[in-house]
1. If I go through segment 307-345 residue by residue, how many of them are in contact with a Phe, Trp or Tyr (Cβ under 8 Å, 6 or more places away or on another chain), part of a loop (DSSP other than H, G, I, E, B) and closer than 20 Å to His221 by Cα?
2. Can you work out which of the residues in segment 389-407 that are of a type in the set (Asp, Glu) and in contact (Cβ under 8 Å) with a residue 60 or more places away in the chain is farthest from Arg369 (Cα to Cα)?
3. So the check is Cβ under 9 Å with 6+ separation or different chains; which pairs have a first residue in segment 37-48 that's part of a strand (DSSP E or B) and a second one that's of a type in the set (D, E, K, R)?
4. Give the residues of segment 353-382 that are within 9 Å of the ligand (Cβ to nearest atom) and either modelled with pLDDT under 95 or in a loop (DSSP other than H, G, I, E, B) (or both), sorted by residue number.
5. Among the listed residues Val226, Val249, Val189, which satisfies the condition of being within 30 Å of Cys96 (Cα to Cα) and among the aliphatic types (A, V, I, L, M)?
6. Pick from segment 127-155 the residues that are over 14 Å from the mean Cα position of the chain (by Cα) and of a type in the set (Ser, Thr, Tyr): which of them is surrounded by the fewest Cβ atoms within 10 Å (Cβ to Cβ)?
7. Given Val163, Val73, Val151, Val115, which one is modelled with pLDDT of 95 or more and touching a strand residue (DSSP E or B) at 6+ places or on another chain (Cβ under 7 Å)?
8. Within segment 248-301, how many residues are surrounded by 13 or more Cβ atoms within 10 Å (Cβ to Cβ) and part of a strand (DSSP E or B)?
Amino acid sequence: TGPDVRTATGALANKDQAVNAQQGEWLTTSVGARLRDTDHSLKAGPRGPTLLQDHHLREKITHFDHERIPERVVHARGYGVHGVFTAYGNADPVTCADFLQKGRETPVFTRFSTVLGSRGSADTVRDTRGFATKFYTDEGNFDLVANNIPVFFIQDGIKFPDVIHAGKPHPDREIPQAQSAHDTFWDFVSLHTEAQHHTIWNMSDRGIPRSYRMMEGFGVHTFRLVNAAGETSLAKFHWKPKLGVHALVWEEAQMLGGFDPDFHRRDLADAIEAGAFPEWELGIQVFPDTPEQMFEGIDLLDPTKLVPEELAEVQPIGLLHLNRNPSNYFAETEQIAFHVGNLVRGIDVTDDPLLQTRLFSYIDTQLTRLGGPNFNQIPINRPHAPVNDMFRDGFHQDADHRGVAPYRPNSLDGGCPFHAGVDDKAFVEFPVPLPAGPKTREQAASFDDHYSQARLFWRSMSPVEQEHIIAAYSFELGKCYEQVIKQRQLQCLANIDATLCEKVAEQLGLPVPEPTEPLTEPDPSPALSMVGGTWPPD
Ligand code: HEM
């Protein structure tokens with residue numbers, strides 16, 4: 001007798017009709033009236049003006065006029081596919097997440113994307129790639145909104161509009177489309193030097209993946225896991241592709257951008273159609289949840305830092321298997337709405353200041369992009385778990401809500417059990433003690449190191465990968481008009497590695513600056529290394 005569960009009856013009937021659209025025997029208007037002619041407008045005589053009373057003409061044109069919705073403000077270009085996630089069942093010691101129980105199969109939808117280009121831009125540009133997965137779990141949707149690079153440009157979300165404005169096309173000429181071949185990008189990353197780590201990954205082969213099927217994914221932030229006993233750990237999420245990690249070489253990427261700007265979406269769609277289903281293992285790095293939230297001297301709340309796999313191994317906990325292309329791009333890939341706040345029992349957020357801003361941003365943008373507050377009723381966003389949210393009305397309300405008392409507890413809708421405080425399947429924010437201290441805009445001193453991990457990355461590269469990185473910096477910086485920006489970025493490179501700086505300076509014909517910070521010697525981390533341009537894998 002669950003009263004007032006959002007009834008989907010009407011919605012489902014409509015959905016069936018929508019699925020059947022374009023299949024009926026008769027062409028109709030949007031309200032089902034059969035049409036005899038959709039090719040000729042109603043006119044005052046065969047050569048006369050069109051009559052305002054032609055309702056069918058007006059309806060057809062009006063609907064067409066409103067077909068477009070705003071593209072995503074970032075990650076506008078993407079391709080999504082359906083699949084299934086199967087849990088290995090070994091994550092119990094750290095999380096009680098139901099979908100991670102042994103053998104549990106959860107339907108998923110994964111959308112891959114570039115970040116900066118618009119919806120019609122090319123796939124093979126040098127950029128970060130999005131790797132967002134919606135898990136339709138029995139306990140509600142869990143969204144892992146990840147990228148193919150394990151760190152981010154900025155430490156605090158308040159700079160997100162700035163870094164994106166710097167990377168998007170210039171406001172006057174609207175060029176360029178791809179990341180980084182312009183002054184504002186290099187201006188930003190050389191002034192906000194925390195961006196240097198993410199940037200060197202972009203300049204490496206990781207910036208031009210061979211295929212979505214051959215990319216890693218990273219949740220970037222540290223999350224908090226909670227097990228059945230209420231014990232917590234900190235963790236980072238990783239996707240490891242079964243096909244290995246592979247890149248295009250720059251010349252291939254350039255040619256493909258011209259010959260086949262849809263290269264990555266075609267590659268994924270064709271592979272799935274041919275039954276070559278791509279797979280990834282989901283892995284976690286687990287760290288003790290200490291009050292400092294540090295691990296081996298690395299601040300786990302700083303999203304510009306990774307934890308090398310030599311220090312904390314990535315432990316596989318499940319398998320992602322992508323096996324079905326969308327039947328309608330707009331309905332599924334375009335209308336899907338991910339949110340880092342879509343969490344399930346056993347997985348919680350931390351105070352990473354980038355993650356904290358993301359919790360606000362996604363729903364806010366989707367209110368505009370998807371036309372109001374009911375976008376989670378769109379079929380691709382609808383959870384597979386029962387919904388009883390007591391939200392009412394609003395644009396595009398799809399539900400036929402029953403009951404008269406949309407609040408809990410109430411004495412009108414047949415009892416309405418409300419298990420507040422006793423539902424052990426409920427998501428409960430973990431009661432982490434808050435750090436003491438005054439209100440402030442200052443950040444922790446542990447966020448001040450901007451170069452050591454960029455250096456770690458550079459030194460873990462093979463010689464050929466280092467050549468690619470030098471070529472990428474030289475090419476991209478060569479596109480800047482302002483000498484001062486090139487020089488400032490060379491200064492950053494001097495703080496990363498002397499050879500890297502010298503080689504790029506030589507290509508640019510500029511003097512080599514002295515480092516302004518001591519160059520510490522990190523251990524090389526071979527696990528980061530990959531080789532560009534090798535396909536098929538050995
Ligand atoms: C998409 C904001 C950082 C991964 C988006 C969108 C916004 C946004 C507004 C468009 C969402 C939509 O229209 O549905 C932010 C802000 C950030 C941030 C404010 C920092 C404060 C990150 C980070 C990652 C990431 C660190 C990766 C770990 C993604 C992905 C998408 C996306 C994959 C595309 C989702 C899709 O395919 O629909 N972001 N983002 N973002 N973001 Fe972020």
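1. Total satisfying the criteria: 12.
2. Filtering segment 389-407 down to residues of a type in the set (Asp, Glu) leaves 389, 393, 398, 400.
Still in the running and in contact (Cβ under 8 Å) with a residue 60 or more places away in the chain: 389, 398, 400.
Details: Asp389: 22, Asp398: 17, Asp400: 24 Å.
Selected residue: Asp400.
3. Listed by first residue and then by second, the contacts come to Lys43/Asp54.
4. Answer for segment 353-382, where residues must be within 9 Å of the ligand (Cβ to nearest atom) and either modelled with pLDDT under 95 or in a loop (DSSP other than H, G, I, E, B) (or both): just Leu370.
5. Values: Val249 fails: within 30 Å of Cys96 (Cα to Cα); Val189 fails: within 30 Å of Cys96 (Cα to Cα).
Exactly one of Val226, Val249, Val189 is within 30 Å of Cys96 (Cα to Cα) and among the aliphatic types (A, V, I, L, M), namely Val226.
6. Going through segment 127-155, the residues over 14 Å from the mean Cα position of the chain (by Cα) turn out to be 136-141, 153-155.
Checking the rest, the ones that are also of a type in the set (Ser, Thr, Tyr) come to 136-137.
Working: Tyr136: 20, Thr137: 22.
So, considering only residues that are over 14 Å from the mean Cα position of the chain (by Cα) and of a type in the set (Ser, Thr, Tyr), the one surrounded by the fewest Cβ atoms within 10 Å (Cβ to Cβ) is Tyr136.
7. Values: Val163 fails: touching a strand residue (DSSP E or B) at 6+ places or on another chain (Cβ under 7 Å); Val73 fails: touching a strand residue (DSSP E or B) at 6+ places or on another chain (Cβ under 7 Å); Val151 fails: touching a strand residue (DSSP E or B) at 6+ places or on another chain (Cβ under 7 Å).
Unique residue meeting the criteria: Val115.
8. 13
The values are calculated or read from the model by the stated rules, or taken from the named source; none is laboratory data. Note that this is a predicted model, so its numbers are computed, not measured. Cβ: placed from backbone, ideal geometry, glycine included. Neighbour counts: every protein chain shown.
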